[in-house]
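Here is the structure we will look at, set down as structure tokens.
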Amino acid sequence: MSLTAALDSARNSLIASGVQSSAISRNIAGAGQVGYSRKIAVLDTLPGAGVYVAAIQRAASTGLFTNVLTATSASAKQSAIYDGLQQIAATTVDDPEQDQSPTAMLNKLKQALHQYATAPDNATLAQAAVSAAKDMASTLNQATQTVQSVREGADADIATSVANINQLLAQFDTVNTAVVKGTIAGDDVTDYLDQRDSIISKLSQEIGISVSIRPNGDAALYADSGAALYDKKARTVSFTPTNTYTPGTTGNAVYIDGVPVTGASSVMPLKSGKIAGLAELRDKATVTYQSQLDEVARGLISAFAESDQSGAALPDVPGLFTYPGAPGMPASATVSVGLAGTIRVAASVDPAVGGNPNLLRDGAISGNAAYNYNTAGNAGYSTRLQQLIDKMDTPQPFDPSAGGKPSGGVIDFASSSASWIETQRKSADDGMQYQNTLLDRSNAALSNVNGVNMDDEMSLMLQVERTYSASSKLISTVDDMLNSLLAAVGAST
């Protein structure tokens, strides 16, 4: 090797060492940054020129990154469902201190009726029975408010999620353009790639997502339903919040580029992500539970209904429990949507508004004498009270689509409803725990590939320093040899 070639090789080695040192310094600085991927200076050699830095690359794994995106979306969906169901269950089912669940209140009402039946002439026990009935109606009212509040919250969260997606897609467009331009120009785009991956990770929390990498580093994004989120430009994700949320209303759909991706009319339904979980909570789980509450209310009205005692074959009418628009018995859940939110105790038996609680014993709560059971006016009459107690356990049909027990007493149905919501919550909790564990392991696996290990970086830095020292020494040696050669040539002349 000539002295000139040796000098060029040493100089190139110094340049490469400088670039390597810069990459290591970036790694050390970025070790604590979320989403940072380790940078690697890729070395190559040229005959007669020595080593040079061919490119700066990231330590990355497409497969592991895809696994993280999938796990993130699945975890976000399960968390959204669980949080909503937990809120419902905590206030309507499992409040051990207050014991205000529909089943508990039904049993308290039944107990109050038992006590009243043992002393039907006792005004205090009559008022206690009416008070228990009012508590029962209030429990159903409040449960409905809770369910509708969860639905409203889910709807508002969907709107927030959609806004986040559109904002992230705008950021993605800027960074993706920089990646493409930098790749074409041959620049180092690894920091832009980190930024782009970070944006994609945030998007995966809101919506299930897949990534397609094309020539020049260009990326296209698709929802897990197949709808395009970004292809050369960001697509619009739109949603109109539901302003009035009452039982029976249907939440509005989320649209991607004009195509519905949530709701019954969706042709490309989302499978994962926060939006998918919120939509399922808003339009399925809460709707089913509301139907169950409505069926409990309808069952109560039916169990406490009064029948004609005059022989005129008049239709049954609501008795202790009624609702706006009575008389007239709610025939099914179809015509009683939201009934649990409006059920109440008849004013005619409520002493708080001037009513007579003894009508619970005697009948004719509706004001029609044809429904009077205690025609003799006997203060010790308990037959009607015993009938009401028995009717709470008498099997009656319930709407099968509500998801509770299709036939049984109203207490049995309320118990099956509590079991249903608890089962749903437990299932969501199990799913969330599993997905969170999977996400943690996926993140750990990815971190092992693209994370920064300080020990490794410091060891590599020592190697680079040795190479730099050796190259410097080689240059110094060549310089001495050249000086000696020039001196010898000068002496000979």
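The values are calculated or read from the model by the stated rules, or taken from the named source; none is laboratory data. Remember, it's a predicted structure, so these values are computed and weren't measured experimentally. Positions of Cβ are generated from backbone atoms using ideal geometry, with glycine treated the same way; all protein chains shown enter the neighbour counts. For accessibility, only protein heavy atoms count, side chains too; no ligands or nucleic acids. Shrake-Rupley method; radii C 1.70, N 1.55, O 1.52, S 1.80 Å.
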Item to check | Number of the condition not met by THR190 [criteria: (1) more than 27 Å from the chain's Cα centre (by Cα); (2) under 30 Å from ILE343 (Cβ atoms); (3) of a type in the set (S, T, N, Q)] | outcome: (2)
Checklist entry - If you check TYR381, TYR434, which single one turns out to be part of a helix (DSSP H, G or I) and not basic (Lys, Arg)? => result TYR434
Next on the checklist: Only one of GLN87, GLN171, GLN127, GLN167 is open to solvent by 40 Å² or more (accessible area, probe 1.4 Å) and in contact with a Pro (Cβ under 8 Å, 6 or more places away or on another chain). Can you tell me which?
Outcome noted: GLN127
Checklist entry - Is there a residue in the stretch 395-408 that is hydrophobic (A, V, I, L, M, F, W, C) and within 17 Å of ALA112 (Cα to Cα)? => result no
Item to check | the stretch 174-212, residues that are farther than 18 Å from VAL261 by Cβ and open to solvent by 60 Å² or more (accessible area, probe 1.4 Å) | outcome: THR174, LYS181, ILE184, ALA185, GLY186, ASP187, ASP188, ASP191, TYR192, GLN195, LYS202
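For the condition closer than 30 Å to THR62 by Cα and of a type in the set (Val, Ile, Thr), what is the one hit in THR423, THR437?
On the way: THR423 fails: closer than 30 Å to THR62 by Cα.
That would be THR437, the only listed residue that is closer than 30 Å to THR62 by Cα and of a type in the set (Val, Ile, Thr).
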Item to check | Residues of the stretch 437-470 satisfying the condition of being open to solvent by 30 Å² or more (accessible area, probe 1.4 Å) and not in a helix (DSSP H, G or I) | outcome: VAL452, ASN453
Next on the checklist: So in the stretch 144-164, with the set limited to residues that are open to solvent by 30 Å² or more (accessible area, probe 1.4 Å) and among the charged types (D, E, K, R), which one is modelled with the lowest pLDDT?
Outcome noted: GLU152
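Residue under question is VAL254, and the condition is that it be modelled with pLDDT of 90 or more, closer than 23 Å to ASP157 by Cα and surrounded by fewer than 23 Cβ atoms within 10 Å (Cβ to Cβ); does it hold? Don't jump to the end; show me each part of the working.
Values: modelled with pLDDT of 90 or more: yes; closer than 23 Å to ASP157 by Cα: yes; surrounded by fewer than 23 Cβ atoms within 10 Å (Cβ to Cβ): no.
No.
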Checklist outcome for this item: Per the filter on the stretch 364-389, residues of a type in the set (Ser, Thr, Tyr) and open to solvent by 70 Å² or more (accessible area, probe 1.4 Å) are THR375, THR383
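For every residue, the table says whether it meets (1) of a type in the set (Val, Ile, Thr); (2) in contact with a helix residue (DSSP H, G or I) (Cβ under 6 Å, 6 or more places away or on another chain); (3) closer than 30 Å to VAL19 by Cα.
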position	(1), (2), (3)
ILE184	yes, yes, yes
ALA223	no, no, no
VAL237	yes, yes, no
THR242	yes, yes, no
Checklist outcome for this item: Note on the stretch 259-286: residues touching a residue at least 60 places away in the same chain (Cβ under 8 Å) and assigned to a helix (DSSP H, G or I) are LYS274, ILE275, ALA276, GLY277, LEU278, ALA279, GLU280, LEU281, ARG282, ALA285, THR286
Item to check | Candidate set from the stretch 233-251 (those that are in a loop (DSSP other than H, G, I, E, B) and at pLDDT 90 or above); member that is most open to solvent (accessible area, probe 1.4 Å) | outcome: LYS233
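Right, ASN164: farther than 28 Å from ALA340 by Cα, without any contact (Cβ under 8 Å) to a residue 24 or more places away in the chain and polar (S, T, N, Q) or not? Give the steps one after another, and end with the answer.
On the way: farther than 28 Å from ALA340 by Cα: yes; without any contact (Cβ under 8 Å) to a residue 24 or more places away in the chain: no; polar (S, T, N, Q): yes.
Judged against the criteria, ASN164 is not a match.
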